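Engineer: Sharing a structure with you now.
Where a number appears in this text, it was derived from the coordinates with a stated rule and is not lab data. Quantities reported herein were computed from a predicted structural model and do not represent experimental measurements. Cβ sites come from the backbone with ideal geometry, for glycine too, and all protein chains shown count toward neighbours.
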Amino acid sequence: MRRPPASLCRSALSIGCALAVAPAISRADPPAPRVAWARGEGAERCPDEAAVRERVRGVVGEPVGGDGPALIEGIVERRAGQWVVRLYARDATETRSAPRELSDDAESCEGVATAAVLAIALSLGPPTIEPASTTPAPSPRPTPVRPARRDAAGEDLPAGAAMWLRAVGVVGLLPEFTPAVGLSGEVFARGRWRAVLGGLFAPETRVYRFDTRFAFGLTALSVGACYDVARAGRFTLSGCAGVLAGAAHAVVFDLYPEAPGELFWAAVTASARLTARVAGPLVAELGADFVGVPVRARFHLANESEVVFEQSPASAMAYVGLGLSFR
């Protein structure tokens, strides 16, 4: 709908007020007011009566065009290159007031028709304004925030995982100090706890201390849990406990080289470990395990009672490692 010029709006306002106070208009509980509208010569493309009534209804907020007296009449026509609207007010006795005119020299009659709608609406009464809603707008849902890290306490640390590769020194589980390789995976629970699953492999190594005819090695799997006791900056001190079980294997070079043997063994472990975050996910570690071996492997020669080697009931391991920690 084309917006009329400001001067045309001012004319519509003054005409609406004049028609509203004219003695021709009486509002003693009348039926719905009727608005009459006609298109004169050259105004065939202007809004018709139904369109004008609908626009007036949208402004005043009540039906128009009922069975009541014709309170307002309007006629639009094209005259001397201008659009002209004449508005009249009638009372119940059909007495018609002097005409009020609106004019516009635009190419379209939309502007003068809009001004006429405004004048008619003002003559019928003040526009209906919907009261502002008193219902408060719903509060926006807060965005979930990931818990912050707490180096001092650790309860708010999120879950995560880590993988470690270790160089291990074994004492007591084999006849001599033996280097081994360890691989460990960890799953962090929320807070300080973590579950640990690992593996250990020590290749067969000849026993030069007392008999070079034999070589011993071992393979084991471990499962356990760790608890972060303290944190300070990049460093974390943890205590761990678990179960270690596997096979100790021996190779005989002189007596029975074709028949190497493997014996089951099992142990419980308690360890202390210090980790330090190097950069990004890269973490270094240093740790020591006490190993109690209730189920020990015992090797002896076939058909002989002499024991070649038996695992110590109290053993130890120390390790250094590098890992990737995603937490």
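Engineer: Within 10 Å of each residue's Cβ, count the other Cβ atoms and sort His300, His249 from fewest upward. Before the final figure, lay out each step's value.
Structural biologist: On the way: His300 12, His249 19.
Ordered by Cβ neighbours within 10 Å, fewest first: His300, His249.
Engineer: Note down the net charge around Trp37, summing +1 for each Lys or Arg and -1 for each Asp or Glu among other residues with Cβ under 9 Å from its Cβ.
Structural biologist: -1
Engineer: Give the whole-number value, in cubic angstrom per residue, of the convex hull volume spanned by the C-alpha atoms of region 164-238.
Structural biologist: Cα-based convex hull of region 164-238, divided per residue, equals 102 Å³.
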